[in-house]
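Here is the structure we will look at.
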Amino acid sequence: MTVGAIFANILLFTGISMNLGHSTIDYPVAQPEAFIFGMRFTFWITTAIFVLLFIVQVAVNFKRKNT
C-alpha cells in the first residue's frame, strides 16, 4: 500500500506540473483545474497499467491451460 500511495503521488504531482508548465511540490490551491488534471492523469496511467497487467495475466493463464 505504501508503494502504491507513493506511486500515485508521483503521478499526481507529475500531472499537476504538466498542467502548470513548471515543477511543483505543493497543491495549487489557486488553480483547481491543475489538481483535477493531475487526478485524471493519475487515473488514466493507473488504468493503463491495470489493463496491461490483466492482458499479461490472461495470456499466462491461456498458455498454462494449453501446455
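When MET1 is tested against (1) free of Cβ contacts under 8 Å to residues at least 24 places away in the same chain; (2) surrounded by 12 or more Cβ atoms within 10 Å (Cβ to Cβ), just one condition goes unmet, and that condition is (2). Scanning the range 12-67 for residues that are exposed (fewer than 15 other Cβ atoms within 10 Å of the Cβ), among the aromatic types (Phe, Trp, Tyr) and either part of a helix (DSSP H, G or I) or under 13 Å from the mean Cα position of the chain (by Cα) (or both) returns PHE43, TRP44, PHE50, PHE54, PHE62. When the range 16-67 is limited to residues that are of a type in the set (Phe, Trp, Tyr) and under 18 Å from ILE6 (Cβ atoms), the one that is modelled with the lowest pLDDT turns out to be TYR27. Residues of the range 26-65 that are touching a residue at least 12 places away in the same chain (Cβ under 8 Å) and small (Gly, Ala, Ser): ALA34, GLY38.
The values are calculated or read from the model by the stated rules, or taken from the named source; none is laboratory data. From a predicted model like this one, the values you see are computed outputs, not experimental measurements. With ideal geometry, Cβ positions are generated from the backbone for all residues, glycine too; neighbour counts draw on all protein chains shown.
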